[in-house]
Amino acid sequence: GEFGGERGDRWDGVEGMRDPREQAQTRPGDAIGRIGTALTSSVIAGAALGAVRATWSNIKITKAGGRASAFLQVLKVMGDYAVTFGSAGTAFAAGDVIAESLREKEDLYNGAYGALSAGLVLGIRSGSVGFGLGAGAAAAAASMAVGVSNGNVIRGPRGFGDGKIPQKKFFEGQ
């Protein structure tokens, strides 16, 4: 078929999107790849959030420093957020990988250990052990909720996007 590949059936979804009937993509198998991916994506997310935070904050442009000074202040905020998110994401992935290796199981508890690790990193960055323990516990609970639901907590209800409901055509020629 047009989008069906070797199966021969047709999927009328958007070209370039994954067919929901296909197996979900598995995560990288090696520890270095998983941790590296977490570090990279967390740093990028942190820098983006830092850019938003810097935009919302009131950074003054002074005559002495000029625009370059303001730009450096924005970069500092972005860097702080990138370091925080990057270290928390790396701690999550490392905790997950280490727990999986030590326990020799791949289950939802590994993510909880990773979330506790990330929470402790946030506690170190904030200077409060209590905050770190609370953040770790909350993140572990969220990680376990996603694990118990097989991802449906964030993906939507069962049957959503499974291709069983015909798509409506709003324009001729679709």
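The values are calculated or read from the model by the stated rules, or taken from the named source; none is laboratory data. Given the structure is predicted, the values throughout are model-derived calculations rather than measurements. Cβ placement follows ideal geometry from the backbone for every residue including glycine, while neighbour counts extend to all protein chains displayed. With ligands, DNA and RNA removed, areas are computed over all heavy atoms of the protein, side chains included. Shrake-Rupley method; radii C 1.70, N 1.55, O 1.52, S 1.80 Å.
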**OP:** Taking the Cβ of Ala54 as the centre, find all other residues whose Cβ is under 13 Å away and add up their charges (Lys, Arg: +1; Asp, Glu: -1).
**Re:** +2
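I want the local charge near Ser117. Using Cβ-Cβ distances under 14 Å, sum +1 for each Lys or Arg and -1 for each Asp or Glu among the other residues. Provide the component values of the computation, followed by the final result.
Numbers: positive: Arg34, Arg125; negative: Asp96, Glu100.
Net local charge, Ser117 excluded: 0.
Given 0.36 nm per residue, what is the gain on full extension from Ala48 to Lys76 after removing their alpha carbon distance, in nm?
Working: separation 28, 0.36 × 28 = 10.08 nm, distance 1.25 nm.
Contour length minus the Cα-Cα distance gives 8.8 nm.
Around Ala139, what is the net charge, scoring Lys/Arg as +1 and Asp/Glu as -1 over all other residues with Cβ under 15 Å from its Cβ?
Working: positive: Arg125; negative: Asp96.
Combined, the nearby Lys, Arg, Asp and Glu give 0.
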Subject >> Of all accessible heavy-atom area on the stretch 79-158, the percent that carbon and sulfur account for (1.4 Å) >> reply: 66
